[in-house]
Amino acid sequence: METFRISGRGGLALEADIAGPEAGAAVVLLHGGGQTRHAWSRAFHALAAAGYRVLSYDARGHGGSAWDPEGDYSTDALVADLCAIQAHLAAPVALVGASMGGITSLTAIGEGALPDAAALVLVDVAPHIRREGVARIRAFMTARPEGFANLDEVADAVAAYNPERPRPRDPSGLMKNLRTGDDGRLYWHWDPRIISDRFDEHAAYLDTFETRMTAAARAVGVPTMLVRGTQSDVVSAEGAERLQALIPDARIEDVGGAGHMVAGDRNDAFNAVVMDFLAAVYAESGSA
C-alpha cells in the first residue's frame with residue numbers, strides 16, 4: 001500500500017491510499033461525512049487482495065486531507081476532487097460511496113462529470129432519505145465542540161451513537177478519527193465548518209439535495225447497486241424502492257444487522273455483496 005497526496009479543487013491537498021496491481025480494474029472508495037478513508041480498511045485490503053487497483057482517500061476537511069480555506073465543502077467541490085482523484089487511475093473506474101461519498105459519486109456520474117465510470121455502489125444513501133436519520137448524525141457530529149479528555153470518553157460517545165456495535169476493547173484505533181488540539185484535548189478530525197449551519201437551513205438543503213439527486217439518478221447509465229442496512233434510520237425500504245424506480249436495473253442488497261454504517265457493522269457481508277457485484281460488472285465489460 002502506498003500513501004500519497006493529490007491536489008483537489010483549488011489545489012487542496014487530499015490524502016489517499018492506493019494498493020493492488022496496477023493493471024487491476026480500478027475501484028475508488030469514498031467515505032461518509034465525519035469518517036476517514038480508514039473506515040474502508042478491511043474492504044480496501046480485501047479488494048486489493050482480490051486483484052483490484054483500489055484507491056481510498058480522505059475527503060476535503062476530513063482526516064489527513066487539508067481543510068478548505070474558504071470552508072467550501074459543497075457537493076460541487078467534492079465532485080471536482082473526485083475527478084482529480086479519478087485522473088490518477090486508468091478508466092473505467094467503479095465508485096463505492098457511503099453516505100456523503102455516495103452523494104458525491106451519484107452526482108459525478110449522473111451529471112456527467114465522470115463519463116467513463118464503470119459502476120456505482122451506493123452505501124446506505126439514496127435520493128430520498130429520512131430526515132430523522134440525518135438529524136441524529138448531525139446531533140452526533142455537533143455534540144462535543146469542547147472535545148474529549150481521553151479515548152474512553154470518545155469510545156463512550158461512539159457507543160451511545162451506535163449501541164448495536166460492540167464497544168472496542170482497545171479504543172486506541174479511534175485515534176485515526178481524532179486530532180489533538182493545542183490544549184491537549186482530543187477533537188474529531190473534521191473541520192467544524194462542515195456542519196456549522198443551523199439545522200433548519202440544513203433541512204432546506206435536503207429538499208434541494210433530493211431534487212438534484214433524483215435528476216442525477218435518472219441519468220445514471222452504469223450498473224448500480226444500493227447496499228442498505230436493514231436497521232438504517234437514513235435509507236428506508238421505501239427509499240430503496242424509489243431509487244429502483246429511478247434506476248430500474250439497480251440491484252438492491254439489504255444487509256441484516258447493519259445500520260447506516262454498513263461496512264463497519266457487517267463488514268464480511270458488505271464485502272461479499274460488493275465483490276460479487278464488481279466481479280459481475282467487470283466480467284461483463286471484459287476489464288477484469
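Each value in this text was obtained by applying a stated rule to the coordinates, not by laboratory testing. Quick caveat, the model's predicted, so the values are computed rather than measured. Backbone-built Cβ (ideal geometry, glycine too); neighbour counts: all protein chains shown.
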> Using the Cα gyration tensor of segment 184-280, with a ≥ b ≥ c the square roots of its eigenvalues, what is the shape: rounded (a/c below 1.5), prolate (a/b larger than b/c) or oblate (neither)?
Replying inline: oblate
>> As I understand it, the value is the acute angle between the Cα axis of helix 237-246 and the longest principal axis of the Cα atoms of the chain; what does it come to in degrees, rounded to 10?
In response: 40 degrees
> What percent do you get for the relative contact order of the chain when only Cα pairs under 8 Å and 6+ apart count?
Replying inline: 19 percent
>> Let's see if you can work this out: charge +1 on each Lys and Arg Cβ, -1 on each Asp and Glu Cβ, no other charges. What is the dipole magnitude of segment 132-172 about its Cα centre, in debye to the nearest 20?
In response: 140 debye
> Dipole of the chain, Cα-centred, from +1 at each Lys and Arg C-beta and -1 at each Asp and Glu C-beta, to the nearest 20 debye?
Replying inline: 240 debye
> So, counting K/R as plus one and D/E as minus one, what does the shell of residues with Cβ under 15 Å around Pro127 add up to?
Replying inline: 0
>> Need one word for the chain: rounded, prolate or oblate. Basis is the Cα gyration tensor (sqrt eigenvalues a ≥ b ≥ c); a/c below 1.5 gives rounded, then a/b vs b/c decides.
In response: rounded
> What Kirkwood radius, in Å to one decimal, follows from the Cα pairs of segment 131-230?
Replying inline: 16.3 Å
> Helix 267-285 versus the longest principal axis of the chain: what angle, 0 to 90°, nearest 10, using Cα atoms?
Replying inline: 30 degrees
> Magnitude of the Cβ-charge dipole of segment 179-272, K/R +1 and D/E -1, about the Cα centre, nearest 20 debye?
Replying inline: 220 debye
> What's the percent breakdown of Cα-Cα distances in segment 234-288 across 10 Å bins, shortest bin first?
Replying inline: 21, 41, 33, 4
> Using only helices, what value at 222 nm comes out for the chain when you add -39,500 (n - 2.57) per DSSP H run of length 4 or more and divide by the total residues, to the nearest 500 deg cm²/dmol?
Replying inline: -12000 deg cm²/dmol
>> Give me the net charge for the shell around Ile6: Cβ to Cβ below 13 angstrom, other residues only, Lys and Arg +1, Asp and Glu -1.
In response: -1
> When N counts the residues of segment 36-149, how does its alpha-carbon radius of gyration compare numerically with 2.2 N^0.38 Å, as a ratio?
Replying inline: 1.15
> Fewest to most neighbouring Cβ within 10 Å: what's the order for Asp58, Asp249, Asp124?
Replying inline: Asp249, Asp58, Asp124
>> Helix 75-86 against the longest principal axis of the chain: what's the angle in degrees, Cα atoms only, rounded to the nearest 10?
In response: 60 degrees
>> Let me check I've understood the local charge: for Pro223, count other residues with C-beta under 10 angstrom from its C-beta, Lys and Arg +1, Asp and Glu -1. What total comes out?
In response: -1
> Going toward the positive end of the dipole of segment 208-288, with +1 on Lys and Arg Cβ and -1 on Asp and Glu Cβ, which of Gly239, His260, Phe270 do you reach last?
Replying inline: Gly239
